[in-house]
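The values are calculated or read from the model by the stated rules, or taken from the named source; none is laboratory data. Model, not experiment: these values are computed from the prediction. Note that each Cβ is placed from the backbone with ideal geometry, even for glycine, and that neighbours are counted across all protein chains shown.
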């Protein structure tokens, strides 16, 4: 194996290890997966929103959204109500228990990444995005669900 290939694989492993460590800490402290935390954070920003909106913001499939939503709703962290104008529309919001949990949740790795990433110059951000998209294509070009990356170890352990 070429040295550059080894270096690239080591870098990928470091990213996965950091994600796994963060996921375990989050699960231990809150009982949430990273996807569940992000789902709740989006609702916290928007106050009340549809599941489709949250799914689009997160880059996850409707099926994953349904699973995440059901778990959060069953835990009492999210409430669902019918729209005033369109009764077919379901609007989601955080419950008081959900808000309390969010305030006590540790920062997820995406928050740390966002801080460092936003400090980069525009050209550095674009270069990094292009490189990461290319790596994603090389590893699994047909996988379009971001939750699979956020929750990769947790899903394997029964989440």
**OP:** Any residue in the range 126-155 that's under 23 Å from residue 36 (Cα atoms): show its pairings with residues that are at pLDDT below 60 and surrounded by 11 or more Cβ atoms within 10 Å (Cβ to Cβ) at Cβ separation under 7 Å, as long as the two are six or more apart or on different chains.
**Re:** 151/159
Subject >> When residues of the range 1-49 are limited to those that are part of a loop (DSSP other than H, G, I, E, B) and in contact with a helix residue (DSSP H, G or I) (Cβ under 7 Å, 6 or more places away or on another chain), the one farthest from residue 104 (Cα to Cα) >> reply: 33
Original post:
Among the candidates 7, 26, 16, 32, which residue alone is under 16 Å from the mean Cα position of the chain (by Cα) and farther than 26 Å from residue 92 by Cα?
Top reply: 16
Original post:
Could you say which residue among 61, 66 is in contact (Cβ under 8 Å) with a residue 60 or more places away in the chain, surrounded by fewer than 16 Cβ atoms within 10 Å (Cβ to Cβ) and farther than 16 Å from residue 31 by Cα?
Top reply: 61
Subject >> Flag if residue 76 is under 20 Å from the mean Cα position of the chain (by Cα) and at positive phi >> reply: yes
**OP:** Find the residue count for the range 50-81, including only residues that are in contact with a helix residue (DSSP H, G or I) (Cβ under 6 Å, 6 or more places away or on another chain), within 21 Å of residue 103 (Cβ to Cβ) and outside any helix (DSSP H, G or I).
**Re:** 3
Subject >> Residue within the range 32-45 that is surrounded by 14 or more Cβ atoms within 10 Å (Cβ to Cβ) and free of Cβ contacts under 8 Å to residues at least 24 places away in the same chain present >> reply: yes
**OP:** Quick one: in the range 81-128, of everything that is touching a strand residue (DSSP E or B) at 6+ places or on another chain (Cβ under 6 Å) and loosely packed, with under 14 Cβ neighbours inside 10 Å, which residue is nearest to residue 22 (Cα to Cα)?
**Re:** 81
